[in-house]
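Peer 1: Take this structure, written in C-alpha cells, and hold onto it; I'll ask about it next.
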C-alpha cells in the first residue's frame, strides 16, 4: 500500500541539496543515529536483537508532533527490525542521544497483533490534546515483500494519559489500490472532530466524523493530478484555520509532481462534494514538499531535494514573492515535518538523511535531528 509512494517521496528528498549558512536564529537541539529505545529490560533488548526484530539501521523518524516537553515521533516500519512505530522523546532530558520510549506502551507496538499499532506513517495532534496516528497496517513497505498485517486504521490517544480514546477501522473506506499517506484533524465549533486522510492512489480524501463514527470518500477532480504524468505520487495535505473555526477551515493539497496547489473548504468535504469546490491557487515553479503549518495561516514547505524552507501566508496569493525564507542549512539533512512548539513559541523541524536510508548507506543508523526555527510565531 505504501511502498511505491514512499519511494517517490524518498527519491524526491534525495536530490542534490543546496549549500547555505545557518541563520543565527536557528539552533539544532537534538541529533541522533538510528534509534535508542527505553527497553523494559536488557533481556528484552537482547531477544529483539538476536531475532532481528531490532536493527538500528532500519529505524527512522519521519513525522513528529510536540506537546509541552514531549516530541511524539512516527517510526514507520519501512524495513524489518523496527520494534517501535510510535514513540515519544523527552525534550528536557540531558542525554547524549535521545532515548525513544514507546507510546503509549510496549504492548501496543506488537507486530502482527491487530489490536496494536503496525505501521504508523503519520501523526497529528489536535487542539484537544488527542494524538491521531495513521496506521496503514502493512509492514516492511520498502522491502521486496511487504507484509499486510492488519486493516488500516486511525488510533486516537490522549497525550495526557496515554489512553486510547478512539480506534477507527478504515477498511470500508479504502480499496486494494489505496495508498494512505497523511492525516490531519479539525475540531469544529460544535466540538466534533473531523479527520482527513490523503489516499494518493485513488485521488481521494477520506473524511471521518469522529463523534458520529462515520466516514466517506471524496474523489478529487482530475485537475489535481495535472503534471503528474501517470506516475505514482505523494498527496500532501495542510489544514489551515483548524482551531475551533468550524466551517472556516481550509484544506490545502497538492501532489508532489502536480503543476498546481489547490484548496477546498472543509465544509464541502464534510458534505462529500468536491465538484466545483476545488480552487486552483497557482502554479508551482518546482516540485513542492509540504512540511506542515504553524496552526495559523502559514504553510511551510521546501522544494524537492533542497534544504531551504519557506513559509507562505495563505492569506496571500500563491506566488514566489510571497514566500518567506525561514531556514537555510549547509548540511545533508532534509526536513520531513515542520510543527509548532507552542510552549516555546517557535516552529520545530524533523530532519533526516532519507536518501542514505533508502540506499542502505546509513552506517550505524539514519541520522535524525530535531531543529528549531525562532521568529516564526
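Peer 1: Would you say residue 77 is under 15 Å from the mean Cα position of the chain (by Cα) and part of a loop (DSSP other than H, G, I, E, B)?
Peer 2: Yes: the conditions hold for residue 77.
Peer 1: Now a separate question. Taking segment 344-363 only, how many residues are assigned to a loop (DSSP other than H, G, I, E, B), closer than 25 Å to residue 70 by Cα, touching a strand residue (DSSP E or B) at 6+ places or on another chain (Cβ under 8 Å) and touching a residue at least 24 places away in the same chain (Cβ under 8 Å)?
Peer 2: Here the count works out to 1.
Peer 1: Another question about this same structure. Output the residue which, of all residues in segment 157-174 that are more than 20 Å from the chain's Cα centre (by Cα) and either loosely packed, with under 13 Cβ neighbours inside 10 Å or at pLDDT below 95 (or both), is nearest to residue 72 (Cα to Cα).
Peer 2: Only one residue fits best here, namely 160.
Peer 1: Go through segment 34-63 and give me each residue that's buried (at least 23 other Cβ atoms within 10 Å of the Cβ) and either assigned to a strand (DSSP E or B) or in contact (Cβ under 8 Å) with a residue 40 or more places away in the chain (or both).
Peer 2: Across segment 34-63, the qualifying residues are 35, 59, 60, 61, 62, 63.
Peer 1: Go through the residues of segment 229-251 one by one and say whether even a single one is modelled with pLDDT under 95, touching a helix residue (DSSP H, G or I) at 6+ places or on another chain (Cβ under 7 Å), surrounded by 22 or more Cβ atoms within 10 Å (Cβ to Cβ) and farther than 17 Å from residue 199 by Cβ.
Peer 2: yes
Peer 1: Say whether the condition of being surrounded by fewer than 18 Cβ atoms within 10 Å (Cβ to Cβ), touching a residue at least 12 places away in the same chain (Cβ under 8 Å) and under 27 Å from residue 332 (Cβ atoms) is met by at least one residue in segment 264-283.
Peer 2: Scanning segment 264-283 turns up no residue that is surrounded by fewer than 18 Cβ atoms within 10 Å (Cβ to Cβ), touching a residue at least 12 places away in the same chain (Cβ under 8 Å) and under 27 Å from residue 332 (Cβ atoms).
Peer 1: OK, next. Give me the residue from segment 136-147 that is in a loop (DSSP other than H, G, I, E, B) and in contact (Cβ under 8 Å) with a residue 60 or more places away in the chain and, out of that set, surrounded by the most Cβ atoms within 10 Å (Cβ to Cβ).
Peer 2: 136
Here is a yes/no grid of residues against (1) surrounded by 23 or more Cβ atoms within 10 Å (Cβ to Cβ); (2) at pLDDT 95 or above:
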| position | (1), (2) |
| --- | --- |
| 103 | yes, yes |
| 120 | yes, yes |
| 130 | no, yes |
| 134 | yes, yes |
| 178 | no, yes |
| 181 | yes, yes |
| 188 | no, no |
| 196 | yes, yes |
| 199 | yes, yes |
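Peer 1: For segment 204-238, how many residues meet the condition of being under 18 Å from the mean Cα position of the chain (by Cα) and within 12 Å of residue 262 (Cβ to Cβ)?
Peer 2: Selection size over segment 204-238: 5.
Peer 1: For segment 148-177, give me the residue count where each residue is in contact with a helix residue (DSSP H, G or I) (Cβ under 6 Å, 6 or more places away or on another chain) and part of a strand (DSSP E or B).
Peer 2: Number satisfying all stated conditions: 0.
The values are calculated or read from the model by the stated rules, or taken from the named source; none is laboratory data. What you see is a predicted model, and the numbers here were worked out from it, not measured in a lab. Cβ sites come from the backbone with ideal geometry, for glycine too, and all protein chains shown count toward neighbours.
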